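*Asks:* The structure follows.
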Amino acid sequence: MTSDIIDKDSLLGSINVNSKSVLESIKSFPRKHLGCYLYNPQTMIPIWTANHPNCTIDIYIPQIYLQDINLNDRKLWGTDIYTDDSDIVSILVHLGVIRLIESNNGKEPYPDVKPVGMLPQIEPLDSDNLMDLLIVRVVITPGLKLWKGCDRFGLVSRTWGLHDGAGIMVDKIWWFREGLRDWKINGNWRDNGIVEK
């Protein structure tokens, strides 16, 4: 879409990410909320979202998935704006938004995480209460010419060329206490509840 989205700094190995031109390019599109879906590591954002730049989707993440065991595959392409097939938990770690809950393999969460940009850091509410949902609102962006990876908070995102899908950028994050229990009991929303508009 734009030619200078990511420029390399003069410092070796340092990457300067500037997403302003992408955000400017989607301002003219109406902002609509397309719905929500319940995350699990095997699901992806529906491919048709590429037709909806500047629209939002809420991803409901059960707290049980906020563990580093889900980061092993490194399904993460880009920096700040990521491919729509990137794993959202990996994105949150890469942005420094969440600290990981200790997983079964005994690896400690990353210490002293400071979030990138304007997003707040989210701490797990209670590692014993797995009914809590972390809700992540993402904005759909156009695809980039180059998705540049980098190392942040111990997680290395991958570099990729042209991608046939869209991009996503984290906009807001909040906890929904007991949200998974409410969903199971009341059926207020359903898995993969996004409807193309």
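Please treat every number below as a calculation from the coordinates, not as lab data. Source: prediction; values computed, not measured. Cβ: placed from backbone, ideal geometry, glycine included. Neighbour counts: every protein chain shown.
*Asks:* Which of the residue pairs 145/172; 20/75; 27/145; 32/172; 27/148 have a Cα-Cα distance greater than 21 Å in the structure shown? Write down the numbers at each step before the final one.
*Replies:* On the way: 145/172 25 Å; 20/75 25 Å; 27/145 19 Å; 32/172 15 Å; 27/148 23 Å.
The pairs that break the limit, which is 21 Å between Cα atoms, are 145/172; 20/75; 27/148.
*Asks:* 7 Å from Cα along Cα→Cβ at both residue 74 and residue 31: what's the point-to-point distance in nm?
*Replies:* Between residue 74 and residue 31, the label points sit 3.5 nm apart.
*Asks:* What's the FRET efficiency of residue 174 with residue 145 using the Cβ-Cβ distance as r and R₀ = 30 Å, to the nearest 0.05? Walk me through the numbers on the way to the answer.
*Replies:* Values: r = 33 Å, r/R0 = 1.09.
Calculated transfer efficiency: 0.35.
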